[in-house]
Amino acid sequence: MSDRPQPQPGILKIAPYVPGKSGAGDGVSKVKLSANESPLGASPKAIAAYRAFADRLEIYPEGTSAELRQALAEVHGIEADRIVAGSGSDEVLHLLAQTYLGEGDEAIYCQYGFSVYPIVIQGASATPVVAPEADYTASVDAILAAVTAQTRMIFLANPNNPTGTYLNVAELRRLQNGLRPDILLVIDSAYAEYVTAEDYSAGMVLVRDSQNTVMVRTFSKMGLAGVRVGWFYGPDHVVDAVNRLRGPFNVNVAAQAAGAAAARDTAFTQALCDYNAKWRDWLTAELSSNQLRVTPSQGNFILVHFPDVDGQRAPDAFQMLMNAGYVVREMGGYGLPNALRISIGSEEAMRAVARLLKNFGTE
Ligand SMILES: *Cc1c(COP(=O)(O)O)cnc(C)c1O
């Protein structure tokens, strides 16, 4: 017997989360390009919907997020009763892991995959298994090769954060077709609103007729990161199982309303996509023209690789940008110590970052 309460076996294996540096404290106000937030703020309709709840705070939310699910069903052409909403997709990922994983089970994610996956896997006391990538891109063959008799889930961000790379719909199909029917494939399409590649699918077509695939989405990257709204679309039996575990009022009233309004504001979503594509592709071209390398991105951020030269590595560039008032994301935690992730922001910020990095190390 232990002399104090013990957490479940997986919990203390979770590496403590290291947040990006905020740059606060040196008295200089900073532009934050470190969290992939919306470059155009939130939909004005979502802001109005959120405000409308300020004088009704004493009322419990409608527990199934019915209005939000209805809006999503209409906008995406899917069935409302196959959607589950959560307090951010973080909660959705935790719920899926808690529902399908336990001690002795394995779940696969990719080498540079989103850092929340090992947390939710270990949080369910299961074992994370890492599939290697090629060219900073998920490899279907490597994922399939990592499957064992213990495998219960696959977590794939598409496009992936922090690399920005994606698998096209044919590759997704090949992955889905290569899995045993008892393995749950989780396609995390957090950046779907930003993708411009024509051979991309957020995954709805793969979920529609399958029994072992879910698509996870979030409003965080399209303007509602502070509100916390995410959701998944999946088979009826998965929806039923997760709904048994889900807290009865897990999405707050204002988040449900803001999410529904944001989903319906498709003009804003399109404007966000257009703005982002313009500046993502501009910044990629600007930075690729010297000794820096940029991984081609479909998200609202780019991954920039620095030369292995004294004074010109990623930590040097990070500090130089910080001193100039721009906070970007260090990538050491992802095993990419000589790269930085830069979120797409205002035109002014993009022009400044391009100028600073192009001159960096050459003066
Ligand atoms: C940002 C992000 C999420 C989600 O976040 P929430 O804010 O919890 O909805 C999920 N997956 C990926 C790959 C992300 O980058």
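Among the residues of the range 213-249, which ones are in a loop (DSSP other than H, G, I, E, B) and surrounded by fewer than 20 Cβ atoms within 10 Å (Cβ to Cβ)?
Within the range 213-249, Ala225, Gly226, Pro235, Gly247, Pro248, Phe249 qualify.
Taking the range 225-258, which residues are touching a strand residue (DSSP E or B) at 6+ places or on another chain (Cβ under 9 Å), within 11 Å of Ser87 (Cα to Cα) and within 12 Å of the ligand (Cβ to nearest atom)? Matches in the range 225-258: Ala225, Arg228, Val229, Gly230, Trp231, Val251, Ala255. Name the residues in the range 201-224 that are within 16 Å of the ligand (Cβ to nearest atom) and under 22 Å from Thr64 (Cβ atoms), would you? Those that are within 16 Å of the ligand (Cβ to nearest atom) and under 22 Å from Thr64 (Cβ atoms): Val214, Met215, Val216, Arg217, Thr218, Phe219, Ser220, Leu224.
Just so you know, in the range 84-110 the residues that are hydroxyl-bearing (Ser, Thr, Tyr) and outside any helix (DSSP H, G or I) include one that is nearest to the ligand (Cβ to nearest atom), and it is Ser87.
Residues in the range 37-54: is at least one part of a loop (DSSP other than H, G, I, E, B) and over 30 Å from Met215 (Cβ atoms)? Yes - at least one qualifying residue is present in the range 37-54.
The residue pairs whose first member lies in the range 252-277 and is in contact (Cβ under 8 Å) with a residue 40 or more places away in the chain, whose second member is basic (Lys, Arg), and whose beta carbons are closer than 8 Å, counting only pairs six or more residues apart or on different chains, are Asn252/Arg228; Val253/Arg56; Ala255/Arg228; Ala261/Lys45; Ala262/Lys45; Arg264/Lys45; Asp265/Lys45; Phe268/Lys45.
Among the conditions (1) of a type in the set (Val, Ile, Thr); (2) surrounded by 16 or more Cβ atoms within 10 Å (Cβ to Cβ); (3) away from the ligand (no atom under 15 Å from the Cβ); (4) part of a helix (DSSP H, G or I), the only one that Ile78 does not satisfy is (4).
The residue of the range 111-129 that is nearest to the ligand (Cβ to nearest atom), among those that are closer than 21 Å to Ser220 by Cβ and assigned to a loop (DSSP other than H, G, I, E, B), is Phe114. Note on the range 31-48: among residues that are over 19 Å from the mean Cα position of the chain (by Cα) and surrounded by 22 or more Cβ atoms within 10 Å (Cβ to Cβ), the one that is nearest to Ile302 (Cα to Cα) is Ser43. Return only the number of the condition from (1) under 30 Å from Ala324 (Cβ atoms); (2) within 15 Å of the ligand (Cβ to nearest atom) that Val31 does not satisfy. Exception for Val31: condition (2).
Among the residues in the range 133-140, are any within 23 Å of Arg228 (Cβ to Cβ) and over 14 Å from the mean Cα position of the chain (by Cα)? Within the range 133-140, not a single residue is within 23 Å of Arg228 (Cβ to Cβ) and over 14 Å from the mean Cα position of the chain (by Cα). Within the range 176-200, the set of residues being surrounded by fewer than 23 Cβ atoms within 10 Å (Cβ to Cβ), touching a residue at least 24 places away in the same chain (Cβ under 8 Å) and either among the basic types (Lys, Arg) or away from the ligand (no atom under 16 Å from the Cβ) (or both) comprises Gln176, Gly178, Leu179, Arg180, Pro181, Asp182, Ile183, Thr196, Ala197, Asp199.
For Phe318, the conditions (1) of a type in the set (A, V, I, L, M, F, W, C); (2) in contact with a helix residue (DSSP H, G or I) (Cβ under 7 Å, 6 or more places away or on another chain); (3) not assigned by TED's automatic domain parsing to the domain that holds Ala134 are fulfilled apart from (2).
Residue count for the range 130-166 under the criterion of being among the small types (Gly, Ala, Ser), within 15 Å of the ligand (Cβ to nearest atom) and not in a loop (DSSP other than H, G, I, E, B): the result is 1.
The values are calculated or read from the model by the stated rules, or taken from the named source; none is laboratory data. Bear in mind that the values here come from a model prediction, so they are computed numbers and not experimental data. Heads up, the Cβs are rebuilt from the backbone with ideal geometry, glycines too, and the neighbour counts pull from every protein chain shown.
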